[in-house]
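See structure below.
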Amino acid sequence: MKVISSEQIAEMEKSYRTAMMNSISGYKPINLLGTISDDGKPNLCVVSSVFHMGSNPPLLGMVIRPARPHNDSLKNIRSVKQYTLNNVQENFYVNAHQTSASYPSGVSEFKECGFNEYYLEDFKAPFVGESSVKIGLIPEQILDIDLNGTTIVIGKIQHLILDDAAVLPDGTIDHVGVGTAAGTGLDSYFLPGLLERLPYAKPGVPVKTGKV
Ligand SMILES: Cc1cc2nc3c(=O)[nH]c(=O)nc-3n(C[C@H](O)[C@H](O)[C@H](O)COP(=O)(O)O)c2cc1C
């Protein structure tokens, strides 16, 4: 067993610390973030920081790293005020990973990494044609975090484009069924399996499980 203090974390070799801190919180959703510039140049990058913030209104948060000159995504979100999140599936996670490469500003990762743009008539931001779960959002709040220079973008869902196979009868998205990938750190991709769906938990009531 390792017991590690914050001082020891600070003293870790940089790449070791990065690998540990990037993966310490466990499996995360992997999405492709689609944006477009004011002058119509599409952009795509893989993100693993999307989190649920509420169902009514339907809000999703996302953490964006401190900006570097070639980073287009946040610039585009700030100016066009639209973006998309698209699930990454087992059949194209390698292409999705490639979108994280530092392509020069203005270069389309859709084109470079082999993805098809998909558009709705009344929405400028590009969706990923290959994804079975496509989400169109408008940024409602953008929070610049003084602590480490990151930015939290909170978006409200405007459009959902869902393959029939992706939606279970009760509305739950069947991520296992459509092969949605999960990830840890910046390099590990997983295909999760369902253990079980459990009923709403109540104090003092043992959870009824189908498992022995
Ligand atoms: C698995 C994985 C997850 C990532 N998650 C995020 C993320 O949540 N937020 C972020 O800002 N960058 C994340 N990145 C890095 C971006 O994909 C990368 O910086 C990309 O070049 C940014 O695109 P842009 O320059 O078009 O804005 C991730 C990279 C990988 C490989």
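Read the figures in this text as sums done on the coordinates, not as results from a lab. Keep in mind that what you see is a predicted model, and the values were worked out from it rather than measured. Every residue, glycine among them, receives a Cβ derived from its backbone with ideal geometry; neighbour counts consider all protein chains shown.
Ranked from highest to lowest mean number of other Cβ atoms within 10 Å per residue, what is the order of the peptides 67-74, 127-134?
127-134, 67-74
Quote the relative contact order of the chain in percent (integer), defining contacts as alpha-carbon pairs under 8 Å separated by 6+ residues.
Computed value for the chain: 22 percent relative contact order.
To the nearest 20 Debye, how big is the dipole of region 13-146 about its Cα centre, given +1 on the beta carbon of each Lys and Arg and -1 on that of each Asp and Glu?
320
Between Ser37 and Lys208, what FRET efficiency comes out of the Förster formula 1/(1 + (r/R0)^6) with R0 = 41 Å and r the beta carbon distance, rounded to 0.05?
About 0.20, to the nearest 0.05.
Label-point separation (nm) for Leu198 and Asn91, each offset 7 Å from Cα along Cα-to-Cβ?
3.4
Within the set Lys134/Lys208; Lys28/Lys75; Lys111/Lys134; Lys28/Lys156; Lys2/Lys28; Lys14/Lys156, which residue pairs have Cα atoms separated by over 29 Å?
Exceeds cut-off: Lys134/Lys208; Lys14/Lys156.
Treating only the Cβ of Lys, Arg, Asp and Glu as charged (+1, +1, -1, -1), what charge dipole size does region 31-88 show about its Cα centre? Round to the nearest 20 debye.
140
Quickly estimate the mean residue ellipticity at 222 nm for the chain, helices only: each DSSP H run with n ≥ 4 gives -39500 (n - 2.57), and the total goes over all residues, rounded to 500.
The helix contribution divided over the chain gives -4500 deg cm²/dmol.
With the radius of gyration and the Kirkwood radius both derived from the Cα set of the chain, what is their ratio Rg to Rh?
0.99
Which value in nm describes the separation of the simple spin-label points at Ala101 and His159, placed 7 Å from the Cα toward the beta carbon?
2.9
Hey, rough spin-label estimate for Gln141 and Arg78, points 7 angstrom out along Cα→Cβ, what's it come to in nanometres?
In this crude label model, Gln141 to Arg78 measures out at 1.9 nm.
For region 118-158, with equal point scatterers placed on the C-alpha atoms only and solvent neglected, what are the log10 I(q)/I(0) values from the Debye formula at q = 0.26, 0.31 1/Å, to two decimals?
Computed log10 I(q)/I(0) values: -0.89, -1.03.
What full-extension length gain, to one decimal in nm, is calculated for Met12 and His70 as 0.36 nm per residue of separation minus the Cα-Cα distance?
18.0 nm
In the chain, if the dipole is taken from +1 on Lys/Arg beta carbons and -1 on Asp/Glu beta carbons about the Cα centre, which of Asn22, Val178, Pro203 is farthest to the positive end?
Going by the charge dipole, the pick is Pro203.
Treating only the Cβ atoms of Lys and Arg (+1) and Asp and Glu (-1) as charged, compute the dipole magnitude of region 124-166 about its Cα centre; round to the nearest 20 debye.
140
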